[in-house]
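> This is the structure I have questions about; it appears just below.
The values are calculated or read from the model by the stated rules, or taken from the named source; none is laboratory data. Remember, it's a predicted structure, so these values are computed and weren't measured experimentally. Methodologically, a virtual Cβ is constructed for each residue, glycine included, from the backbone with ideal geometry; neighbour enumeration extends over all protein chains shown. Just the protein is used for accessible areas: all its heavy atoms, side chains included, with ligands, DNA and RNA removed. Shrake-Rupley method; radii C 1.70, N 1.55, O 1.52, S 1.80 Å.
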Amino acid sequence: MSLSPDEVKSIAFLARLSIQEENIEQYSQDLSNIFGLVEQMNAANVDQIEPMAHPQDAMQRLRDDVVTEENQREKLMSNAPLTEAGLFLVPKVLD
Amino acid sequence: MITKSLTELSTSLKAGDFSSVELTQFYLDRIAKYDGELNSFITVTEEQALAGAKAADEQIAAGTAGALTGIPMAHKDLFCTDGVRTSCASKMLGNFIAPYNATVVEKLNAAGMPMLGKTNMDEFAMGSSNENSYYGAVKNPWDLERVPGGSSGGSAVAVAARLAPVATGTDTGGSIRQPASLTGITGIKPTYGRVSRFGMIAYASSLDQGGIFGTSASDCAMVLETMSGFDPKDSTSVERDVPNMSASLNDSIKGLKIGLPKEFFGEGLDSSVAEVVNDAIEEYKKLGAEIVEISLPNTHLAIPSYYVIAPAEASSNLSRFDGVRYGYRCEAPVDLTDMYMRSRGEGFGTEVKRRIMTGTYALSAGYYDAYYLKAQKIRRLISDDFKKAFEKVDVIMGPVAPETAFKLGEKTDDPISMYLADIYTLSLNLAGLTGMSVPAGFSKNNKMPVGLQIIGNYFEEAKLLNVAHQYQQVTDWHKQAPSAYTGGE
Amino acid sequence: MEWETVIGLEIHAQLSTNSKLFSGSSTEYGQEPNTQANIVDLAMPGVLPVLNTEAVRMAAMFGLAIGAPIGRGNVFARKNYFYPDLPQGYQISQFDKPIVELGHMDITLENGETKRIGVTRAHLEQDAGKSLHEDFAGMTGIDLNRSGTPLLEIVSEPDMSSAKEAVAYMKKIHELVQYLGINDGNLAEGSFRCDANVSVRPKGQKELGTRAELKNINSFKFVERAINIEIERQIDIIEDGGAVVQETRLYDPDKNETRSMRSKEEANDYRYFPCPDLLPIEITDEFLTAVKAILPELPAAKFERFMNEYDLSDYDAGVLTASRETADYFESVAKACGEPKLTANWVTGELSSHLNNDSLEITDSPVNAEMLTGLIKRIADKTISGKIAKEVFQALWAGEGSKDESAADKVIESKGLKQITDSGAIEALIDEIMANNEGQVEQYRSGKEKVFGFFVGQVMKASQGKANPAQVNELLKKKLS
Ligand SMILES: [Mg+2]
Ligand SMILES: [Zn+2]
């Protein structure tokens, strides 16, 4: 298993991570090694096995449809890098 | 003071031997004195600690104090603490003031435990050495050239160096048990669903579980009991009564069936670690336990499947760190994509990026079945291995880690070698079981601590603590502390 | 060449819950930005989702109403992508195990035939926030009030073959979700919106053409226009020797054109996987039984019943069951006055046209069901004629009378509109008119029966419309012969 530098770039884009050009090669090696390790799974025959998404064999609990929250805008927006008029600001979104 | 158990501290506080403010100040002073070189805290919350202590003293005076009232503690810096920086040891959250308390923090605050501060860790809990911290590596108090383990290395070191009586941690693949083992203290990871995950910054949601570090099983029992329990804010929290974990500590373990998985004692296990673990098993025989050879045949698949499942969940969990609502935003982004790419690229450290990319790739179109789905099927195999084993035995024992604390920098260039350090711990996160590490002695080779791992069936924390406590009644490994930080006190 | 169109719709219907799908924040529309976004909706570090019962119940109601099996162990999945109005960096949605499985919806075509449209699935998911593009010094503002509001995404089979069919289907779903009380039907506020997958192929060809997805259209009119314009665009491309590209397109109502949204396309590898923060949703028999018990009568059943029980034409039954509120209004009047046909005429006639003129919903009608009941009773017992009744209705509409059944009586009384049924009085009027119009009397008697209408008109005029028309007819005939 090996991941080319181009594959690393496209994964990094999918994950929205800027990677310095000079580090691409290292990431490509590391990820190749990790997937080499991961592919030890191929030794197991799991055709008939149900996937296990969760450690518990339980079902979802449901909440009553009640409004419990009050406006805390000031507090909750105080960590934001940039705000105006009660809005979070980001560079222009183009549709 | 630092040799007292929580029960003894509680008794002294109530008897008026010292106040909570005095006790808390005592620990704050120790932190100020020693933590410069250990680096176990990211944030020391002196003000909150003393305010909490003052309130505790009032409760004690009013006679409304509980068993833990007035005893200070530390929290791993991924538990959200209202009004206090919660950084996850990342540049990404370097300025993040959490606007709410994690349920665990809420419960321990309510129990009257002043918060000394927020402890260092591997960034976003990703790592086994605590070298992946934006705030610098944490040093092992037994040997400053060695790692304390991770990811809850700061909490482990704070307790090992007696800078805090107890500290919270989280365990996704061994992050409580491994640092407890490497620093010579007691740490327990409860069953998945026992402790609320609300307010615990997620690494891998189906594996993460909060737990506690202390110097003894009985200290851990007192705090774990308090932090456990159903939380309506966490859908994966289990509606199940929490037993009185201290009450059963003294139960006899005569006839206890201990399973020893042969896969935990094979190739790769350092012989000096094996020796310590075997000695501990001998001790259990003396206590009347019965030893049963068992097999967990899919153990070798735990690492490969874990390194799909955990990064996959992490890649998604960490998408919220986008520089929009909180956290790091890069300087002068030219457009939206640039803001995302650089905020995340600059805000996350190397290991975090590595795991996000691993998970992103594993989930991407065309690879899902080969990686994620397969890993989930293997997860069931591993879980079934344990189910079968627990039909025959009461607890399972073995080493926590294949070797003792390694040198700082020794494995940083080779992520795979670091991943292999979790071989004995992460299979039970995949299954969701409870496990703990109990100090069992020191390696003949390097004099570093070695922990014994005890694994329990679902919701059998009280049984584990009982089994550990019985061992601690006949041994004093848990009382040994690094003399550089505890000598003369 | 002859072309054939293939259309499938994905409708997003906001569920009318009080609180959000996974948090206790209010879902109320139109509040100050970010005042209804709590720590969960803002995806603060460490927060976790807890599922709203009501959203599950509403989705199950929809499933039962379209004859679909309900997924007994349906599962939430994460759909991963980056967008500033998506705080988690993923949408919690459902992927391979939706809550509503294959169902169907029948629509009526223009030629009166019924066509069955398959509903592939419907699933629960979170809504995103809103991006505000007004100028904030060249930046975009993000309001997360809507973030986490429950949506039911209703996905159809590609069973529609014209824009008209697509609109008919969309209207039927719109009608149904309102009937069920699970959606407020407000297209303008974005509570009900639609994506249309459109492709064309040469008539007779088996395989589907390449489709374009038209995003987020929130009016019936625009859906029809957007689809038609897109069909034209695709046919033009193919006829010019080109190939349609699979992409997402945005309909611009001002220019009446669709345009490519490639910016949303650049990375649509959504990396779905089961959400580890949520467990499978168990739908038990008890749960389904309870949902069935509260399921209201559905439009189709109500339509049949109205025709049988009230002996209505299918046109009237169709109009009256088009909305649950209209049906309820009709039925309450019809039952109270015992005159279903008369009631049907009034609701589909006078009331509807007044509502239309004033752009009012039936629930806001100034003439409520009790008031109309009072009015119709007076028509039935001949206190007033149908014509006078319109005058009374107009007065009631303008606010005269009280808001109860006695309103019509009060107006009739105060305006002196009571019908004249005293045959002596009517005969007196007839005698006078015959005396003044001897010429016409002659004409009638010599066989020009058309003149009869003239006499009726004169009598009604003289009585200011209050003479009972049937009696006028009868007495006139007697006197003129
Ligand atoms: Mg869709
Ligand atoms: Zn959708």
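> Looking only at helices (runs of 4 or more DSSP H) that lie completely in the stretch B:352-453, which have at least 3 residues being under 20 Å from residue B:284 (Cα atoms)?
Working: elements: B:374-392, B:415-420, B:426-431.
Hits in the stretch B:352-453: B:374-392.
> Quick one: count up the residues across the stretch C:133-172 that are away from ligand 1 (no atom under 16 Å from the Cβ), open to solvent by less than 50 Å² (accessible area, probe 1.4 Å) and acidic (Asp, Glu).
2
> Out of curiosity, is residue C:461 modelled with pLDDT under 90, open to solvent by 90 Å² or more (accessible area, probe 1.4 Å) and outside any loop (DSSP other than H, G, I, E, B)?
When the stated conditions are applied, residue C:461 passes them.
> Of the residues that make up the stretch C:163-171, is at least one touching a Cys at 6+ places or on another chain (Cβ under 9 Å) and in the same structural domain as residue C:57 (by TED's automatic domain parsing)? Step through it out loud before you land on a result.
Kept after step one, since they are touching a Cys at 6+ places or on another chain (Cβ under 9 Å), are these residues of the stretch C:163-171: C:166, C:170.
From what is left, the residues that are in the same structural domain as residue C:57 (by TED's automatic domain parsing) are C:166, C:170.
Yes: one or more hits.
> Is it the case that the stretch C:240-248 has a residue that's among the polar types (S, T, N, Q) and closer than 26 Å to residue C:169 by Cβ?
Within the stretch C:240-248, one or more residues are among the polar types (S, T, N, Q) and closer than 26 Å to residue C:169 by Cβ.
> Separate question: From the list B:146, B:177, which residue is within 23 Å of residue B:466 (Cα to Cα) and basic (Lys, Arg)? Please lay out each step first, then the result.
Numbers: B:146 fails: within 23 Å of residue B:466 (Cα to Cα).
The conditions single out B:177.
> Being more than 16 Å from ligand 1 (Cβ to nearest atom), part of a loop (DSSP other than H, G, I, E, B) and under 21 Å from residue C:195 (Cα atoms) narrows it down to one residue among C:62, C:82; which is it?
Working: C:62 fails: part of a loop (DSSP other than H, G, I, E, B).
Testing whether each residue is more than 16 Å from ligand 1 (Cβ to nearest atom), part of a loop (DSSP other than H, G, I, E, B) and under 21 Å from residue C:195 (Cα atoms) leaves just C:82.
> Using the structure shown, decide if residue C:44 is under 27 Å from the mean Cα position of the chain (by Cα) and aliphatic (A, V, I, L, M).
no
> Tally the residues that are within 13 Å of chain C (Cβ to nearest Cβ) and open to solvent by less than 10 Å² (accessible area, probe 1.4 Å), restricting the search to the stretch B:315-344.
Number of matching residues: 15.
> Going by what's in this entry, would residue C:35 be described as over 23 Å from residue A:86 (Cβ atoms), hydroxyl-bearing (Ser, Thr, Tyr) and more than 16 Å from ligand 2 (Cβ to nearest atom)?
For residue C:35, the condition - over 23 Å from residue A:86 (Cβ atoms), hydroxyl-bearing (Ser, Thr, Tyr) and more than 16 Å from ligand 2 (Cβ to nearest atom) - is not met.
> Considering each residue of the stretch C:429-452, count those that are open to solvent by less than 70 Å² (accessible area, probe 1.4 Å) and either under 21 Å from residue C:471 (Cβ atoms) or not assigned by TED's automatic domain parsing to the domain that holds residue C:463 (or both), and give that number.
11
> Considering (1) more than 19 Å from the chain's Cα centre (by Cα); (2) open to solvent by 10 Å² or more (accessible area, probe 1.4 Å); (3) within 19 Å of residue B:302 (Cβ to Cβ), say which one residue B:423 fails and leave the rest.
It is condition (1) that residue B:423 fails.
> Open to solvent by 10 Å² or more (accessible area, probe 1.4 Å), polar (S, T, N, Q), in a strand (DSSP E or B) and under 25 Å from residue B:224 (Cβ atoms), is that true of residue B:43?
Answer is yes for this residue.
> Right, here's the next one. Of the conditions (1) within 10 Å of chain B (Cβ to nearest Cβ); (2) open to solvent by 40 Å² or more (accessible area, probe 1.4 Å); (3) not charged (D, E, K, R), residue A:46 clears all except one; give me its number.
Looking at each condition in turn, residue A:46 falls short on (2).
> Being surrounded by 24 or more Cβ atoms within 10 Å (Cβ to Cβ), away from ligand 2 (no atom under 16 Å from the Cβ) and either over 30 Å from residue A:93 (Cβ atoms) or of a type in the set (S, T, N, Q) (or both): is that true of residue C:67 here?
Numbers: surrounded by 24 or more Cβ atoms within 10 Å (Cβ to Cβ): no; away from ligand 2 (no atom under 16 Å from the Cβ): yes; either over 30 Å from residue A:93 (Cβ atoms) or of a type in the set (S, T, N, Q) (or both): yes.
The answer is no for residue C:67.
> For the stretch C:207-234, enumerate the residues that are in contact with a Ser or Thr (Cβ under 7 Å, 6 or more places away or on another chain), outside any loop (DSSP other than H, G, I, E, B) and open to solvent by 10 Å² or more (accessible area, probe 1.4 Å).
C:213, C:215, C:229, C:231, C:233
> Taking the criterion of being assigned to a strand (DSSP E or B), within 15 Å of ligand 1 (Cβ to nearest atom) and touching a strand residue (DSSP E or B) at 6+ places or on another chain (Cβ under 6 Å), would at least one residue in the stretch C:40-54 satisfy it? Talk me through it step by step, then tell me what you get.
Initially, the stretch C:40-54 is screened for residues assigned to a strand (DSSP E or B), giving C:51-52.
This time we only want the ones that are within 15 Å of ligand 1 (Cβ to nearest atom), so: none.
Checked the stretch C:40-54: no residue is assigned to a strand (DSSP E or B), within 15 Å of ligand 1 (Cβ to nearest atom) and touching a strand residue (DSSP E or B) at 6+ places or on another chain (Cβ under 6 Å).
> Quick one: how many residues across the stretch C:70-79 are surrounded by fewer than 19 Cβ atoms within 10 Å (Cβ to Cβ) and either in a strand (DSSP E or B) or touching a Phe, Trp or Tyr at 6+ places or on another chain (Cβ under 6 Å) (or both)?
Within the stretch C:70-79, the first condition is being surrounded by fewer than 19 Cβ atoms within 10 Å (Cβ to Cβ), and the residues that meet it are C:72-73.
Now restrict to residues that are either in a strand (DSSP E or B) or touching a Phe, Trp or Tyr at 6+ places or on another chain (Cβ under 6 Å) (or both): C:73.
Final tally of qualifying residues: 1.
> Then there's this: Only one of C:92, C:11 is farther than 29 Å from residue A:74 by Cβ, within 16 Å of ligand 1 (Cβ to nearest atom) and at pLDDT 95 or above; which?
Answer to the check: C:11.
> Also, quick follow-up: For the stretch B:347-392, which residues satisfy the criterion of being facing chain A (nearest Cβ under 7 Å) and either open to solvent by 50 Å² or more (accessible area, probe 1.4 Å) or touching a strand residue (DSSP E or B) at 6+ places or on another chain (Cβ under 6 Å) (or both)?
B:380
> Given the conditions (1) more than 16 Å from ligand 1 (Cβ to nearest atom); (2) of a type outside the set (A, V, I, L, M); (3) open to solvent by 30 Å² or more (accessible area, probe 1.4 Å), which single one is not true for residue C:24?
Condition (3) is where residue C:24 drops out.
> Also, I was wondering about something else. Being surrounded by fewer than 24 Cβ atoms within 10 Å (Cβ to Cβ) and out of contact with any Ser or Thr (no Cβ under 7 Å at 6 or more places or on another chain) narrows it down to one of B:226, B:183, B:172, so name that one.
Values: B:183 fails: surrounded by fewer than 24 Cβ atoms within 10 Å (Cβ to Cβ); B:172 fails: surrounded by fewer than 24 Cβ atoms within 10 Å (Cβ to Cβ).
Of the residues listed, the single one that is surrounded by fewer than 24 Cβ atoms within 10 Å (Cβ to Cβ) and out of contact with any Ser or Thr (no Cβ under 7 Å at 6 or more places or on another chain) is B:226.
> How many of the residues making up the stretch A:49-71 are open to solvent by 50 Å² or more (accessible area, probe 1.4 Å) and at the interface with chain B (Cβ under 7 Å from one of its Cβ atoms)?
Qualifying residue count for the region: 1.
> Give me a count of the residues in the stretch C:260-281 that are at pLDDT 90 or above and touching a Lys or Arg at 6+ places or on another chain (Cβ under 7 Å).
4
> Among (1) of a type outside the set (A, V, I, L, M, F, W, C); (2) open to solvent by 70 Å² or more (accessible area, probe 1.4 Å); (3) closer than 29 Å to residue B:344 by Cβ; (4) within 7 Å of another protein chain (Cβ to nearest Cβ), where does residue A:74 come up short?
Exception for residue A:74: condition (4).
> Further question: If a residue has to be of a type outside the set (Phe, Trp, Tyr) and within 13 Å of ligand 2 (Cβ to nearest atom) to count, how many in the stretch C:79-91 make the cut?
Of the residues in that region, 3 qualify.
Yes or no, residue by residue, for (1) under 24 Å from the mean Cα position of the chain (by Cα); (2) surrounded by 24 or more Cβ atoms within 10 Å (Cβ to Cβ):
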| residue | (1), (2) |
| --- | --- |
| C:17 | yes, no |
| C:29 | yes, no |
| C:33 | no, no |
| C:37 | no, yes |
